Amino acid sequence: MATGPVPVKQANPLGSAIPEIAQLFRTEVDRFVDRFTTGFGIPPMAAFRSDPAFRVPNPAADITEDDASFKFSMELPGLTEKDVQVSLSGNTLSIKGEKRRNGEETDKAYHLSERCYGEFQRSFQLPEGADGERIDARLANGVLTVVVPKTAQAAPKKIEVKASA
């Protein structure tokens, strides 16, 4: 039998509920984002947290068009042409690669690390009129530029407008 007072840990009902509320909120936000991004080929939010190798977000891309071609530009800082693969399967242009950490950096004790490493992949459906046989891909100054020429049938035609009599 105890001869002195027994310490009792006081529970703060509000304090113990906050982590649970925060987790519920995070889950709901993740579900909302997952529903919105499903059609864009972006993986579920859980993949970003559960798989440490999957830390690389999809690289930013721009897609432009002029009279002669479609141009895909993607930011790939720190990568060389050996780190990137561009392929065409049917009408799908795929760009994938891997950003690796330098070997000497793995021994360091980091206080902050905001740079992302790992594999990435982006896929794009080529528009109608794209000539998949003459694709040109170049990587310069951390920007990958993929030019997809238009077929002769896709080139815009000027139609003369005549005055009516």
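Quick note: the coordinates plus some simple rules give every number you see, no bench work behind them. Given the structure is predicted, the values throughout are model-derived calculations rather than measurements.
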- [ ] Once you've got the Cα coordinates, tell me which of Lys96/Lys157; Lys82/Lys150; Lys82/Lys157; Lys71/Lys99; Lys71/Lys162 are over 29 Å apart.
- [x] Lys96/Lys157; Lys82/Lys157; Lys71/Lys162
- [ ] Scan around Asp131 for amide H atoms under 5 Å from its own, H built in the peptide plane at 1.01 Å from N, and keep only partners 5 or more places away or cross-chain.
- [x] Lys150, Thr151
